[in-house]
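Every number here is computed from the coordinates shown, using simple stated rules; none is lab data. Owing to the predicted nature of the structure, the values given are computational and were not obtained by experimental measurement. As a convention, Cβ positions derive from the backbone with ideal geometry for all residues, glycine included, and neighbour counts pool all protein chains shown.
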């Protein structure tokens, strides 16, 4: 736990800004993969799974939009 406390006290920006950026990075990575997964599912004849990946991509994009909006709103409060 001491390591987490050290990380939290040495942040160059507010924790929430860091969390937004970190989460956005993860979501962007996931979103970029869903089209590949969808294409693989189509090639394998799993159209129902392709639909799931398409739906996940849409949900991921919504979350990305919300994260960007929140980050844009609060970036001036980073420190």
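If packing is taken as the mean number of other Cβ atoms within 10 Å per residue, what is the order of 42-50, 14-22, highest first? Don't skip to the answer; put the middle values down first.
Details: 42-50: 12.0, 14-22: 14.0.
Answer by packing, highest mean first, reads 14-22, 42-50.
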Fully extended contour minus Cα-Cα distance, from residue 35 to residue 19, at 0.36 nm per residue: 3.2 nm
Cα→Cβ-extended label distance, 7 Å offset, between residue 71 and residue 48, nm: 3.7 nm
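Starting from the Kirkwood Rh over alpha-carbon pairs, what translational D in µm² s⁻¹ does the stretch 15-77 have by Stokes-Einstein at 25 °C and 0.890 mPa s?
On the way: Rh = 12.6 Å.
Result for D is 194 µm²/s.
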